[in-house]
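Here is the structure we will look at.
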Amino acid sequence: MKPEQLVELLKERLGTEKFDFSYNRKDDKLRLDHKTLKKGMEIHLPGILAKYNERQEKALEDVIYTIEQTFDAMEKERNEDIFSLTNIYPVIRSTSFPLKSKEGHPFVVSDHTAETRIYYALDLGTTYRLIDESMLPKLNATADQIREVARFSVKKLPTDVKKDEVAGNIFYFVNENDGYDASRLLNEAFLKEMRERIEGDMAISVPHQDVLIIGDIRNETGYDVLAQMTMHFFSIGRVPITSLSFVYENGELTPIFILAKNR
């Protein structure tokens, strides 16, 4: 598919009644402006095309969903019916993720590991809005209060796991599809509980925001399987975080580089 074809598909699915479309061929970017909200967003087309070539209709549905939810969040924010401390959760992002919003407001963040950083989100039901410093007065809270509220909120998220065994190694998956699967990495009580269940090395991966993988690594092959699994999820995630995994030991996360082999 060519970029021009993708633009036409998006116009067809999203509708020109609601949005103005402006395609920059030189930079391969599509600008969408919501006619009512008077706000817009830019879409980098090559990244979407790469996912479309791999996943076809599913990739297109993901893009449409993200666009619609983003503008829905903008509308709710304009009506100021979303600002409540009870709706705040932490989210994990790569350290390469921007530190400021598109409007130039610094996000509320916390350091985490060499590969990851903690951001904070205002939950909107089907999506969320990352909290920046301009939102603090509306929330009537300081940045430290936001961090504290989120620390307790993540403990309330369910931690059901699915289990799989590969080559004598056990892998556990958290995949609730609530937007905060990777955030369970910040639930220390959950990690300690899993550590007690694990017989071998405990390895953790957060390839994208909608999955958390915990490995009970009992032999060398286990690391290879984890590496391939993590890279796969990293390549298909809507919001990729890191293709590296972590060893969890004594309450600490240490990034590890695994050179995966085909077995």
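The values are calculated or read from the model by the stated rules, or taken from the named source; none is laboratory data. Keep in mind it's a predicted model, so treat the numbers as computed, not measured. For neighbour counting, all protein chains shown are included, and Cβ atoms are generated from backbone atoms with ideal geometry for every residue, glycine included. Surface areas here come from the heavy atoms of the whole protein model, side chains and all, with no ligands, DNA or RNA. Shrake-Rupley method; radii C 1.70, N 1.55, O 1.52, S 1.80 Å.
Of the numbered criteria (1) surrounded by fewer than 22 Cβ atoms within 10 Å (Cβ to Cβ); (2) of a type outside the set (D, E); (3) over 17 Å from the mean Cα position of the chain (by Cα); (4) closer than 17 Å to T159 by Cα, the one Q209 fails is (3). Taken as a whole, region 1-18 holds at least one residue that is touching a strand residue (DSSP E or B) at 6+ places or on another chain (Cβ under 7 Å), closer than 30 Å to F83 by Cβ and of a type in the set (D, E, K, R). Taken as a whole, the condition of being of a type outside the set (D, E) and out of contact with any strand residue (DSSP E or B) (no Cβ under 9 Å at 6 or more places or on another chain) does not apply to N169. Taking the conditions (1) within 24 Å of T126 (Cβ to Cβ); (2) open to solvent by 60 Å² or more (accessible area, probe 1.4 Å) in turn, K163 satisfies each one other than (1). The set of residues in region 173-190 being over 26 Å from Y65 (Cα atoms) and under 19 Å from the mean Cα position of the chain (by Cα) consists of L186, N187.
Given the criteria part of a helix (DSSP H, G or I) and either out of contact with any strand residue (DSSP E or B) (no Cβ under 6 Å at 6 or more places or on another chain) or surrounded by 14 or more Cβ atoms within 10 Å (Cβ to Cβ) (or both), does R93 qualify? Answer is no for this residue.
Taking the numbered list (1) within 20 Å of I217 (Cα to Cα); (2) touching a residue at least 12 places away in the same chain (Cβ under 8 Å); (3) of a type in the set (K, R) in turn, K155 passes all entries but (1). Counting only strands (runs of 3 or more DSSP E) that sit wholly inside region 112-227, those with at least 1 residues that are more than 21 Å from R93 (Cβ to Cβ) are 162-166, 169-174, 201-205, 212-217. Per the listing E17, E61, E68, the residue uniquely more than 21 Å from the chain's Cα centre (by Cα) and of a type in the set (D, E) is E17. Within region 129-160, the only residue that satisfies the criterion of being within 24 Å of Q69 (Cα to Cα), open to solvent by 40 Å² or more (accessible area, probe 1.4 Å) and of a type in the set (S, T, Y) is S134. Restricting attention to region 179-206, the residues being aromatic (F, W, Y) and either in contact with an Asp or Glu (Cβ under 7 Å, 6 or more places away or on another chain) or surrounded by fewer than 21 Cβ atoms within 10 Å (Cβ to Cβ) (or both) number 1. N87 fulfils the conditions (1) surrounded by fewer than 16 Cβ atoms within 10 Å (Cβ to Cβ); (2) within 18 Å of G179 (Cα to Cα); (3) in contact (Cβ under 8 Å) with a residue 12 or more places away in the chain except for a single criterion, (1).
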